[in-house]
Amino acid sequence: MISKRRIFMKGGLAASAIGVAVGAGLLSPRRVLAKWPSGSFEAESVDAAMKASLGGDQAADSSDVTVKAPDIAENGAVVPVTVSSTLTGVTTIALLVEKNARPLTASYDLAEGTEAYVSNRIKMGKTSDVVAVVKAGGKLYQAKKSVKVTIGGCGG
């Protein structure tokens, strides 16, 4: 039977080795973390967020883009949203909430051949349209879904 002391000593040795590697600069979080697109997520309007994250602010309405979200969200802190598209060559899917202080809630870059489907839980400050923008073939397509956010689940 392995003693608790032996497990503690192995854990301490492993933690020490990692600490030495971080201290020596061999493990640097800056090297493994992706660059944060601050301009996209700090934009204060839908058009500015689209321009910063997708390269344009004009998207055509499309029946090939589907947004699934509840009609009424009892808790605006966790609103489930699913976006899918039947367009070919989709490279990016972005979720925006028109009346949020920072409209861009999520942006996904998809690899070639990936199914155009994402699901997320977003935060909504108040009743608003959820806009899904899909970039395919260098063009932007969108679909909207109105979501009513209730206060405390009371329907207010």
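Data for the structure
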| item | result |
| --- | --- |
| Per-residue [θ]222 nm for the chain (sum of -39500 (n - 2.57) over DSSP H runs n ≥ 4, rounded to 500) | -7000 deg cm²/dmol |
| Dipole-positive endmost among V20, V78, L54 within the chain (Cβ charges, Cα centre) | V20 |
| Hits among lysines - C-alpha to C-alpha of K126 under 26 Å, sequence gap 8 or more where chains match | K51, K68, K99, K144, K145, K148 |
| Linear extension gain, L87 paired with D71, 0.36 nm per residue minus alpha-carbon span | 3.3 nm |
| Ordering of 67-77, 101-111, 3-13 by burial proxy (mean other Cβ atoms within 10 Å per residue, highest first) | 101-111, 67-77, 3-13 |
| Helix 4-23 vs. the chain, principal-axis angle (Cα, 0 to 90°, nearest 10) | 70 |
| Candidates T92, T82, T114: whichever shows maximal mean-square fluctuation once the chain is modelled as a Gaussian network with Cα springs under 10 Å | T114 |
| Long-range amide H partners of K99 with built H, under 5 Å | D129 |
| A21-T127 FRET efficiency (beta carbon distance; Förster radius 30 Å; 0.05 resolution) | 0.05 |
| Once the Cα gyration tensor of the chain is diagonalised, semi-axes √(5λ) in Å | 39, 22, 16 |
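Throughout, read-outs are computed from the coordinates displayed, never taken from laboratory work. What you see is a predicted model, and the numbers here were worked out from it, not measured in a lab. Cβ atoms come from the backbone with ideal geometry, glycine included; neighbour counts cover every protein chain shown.
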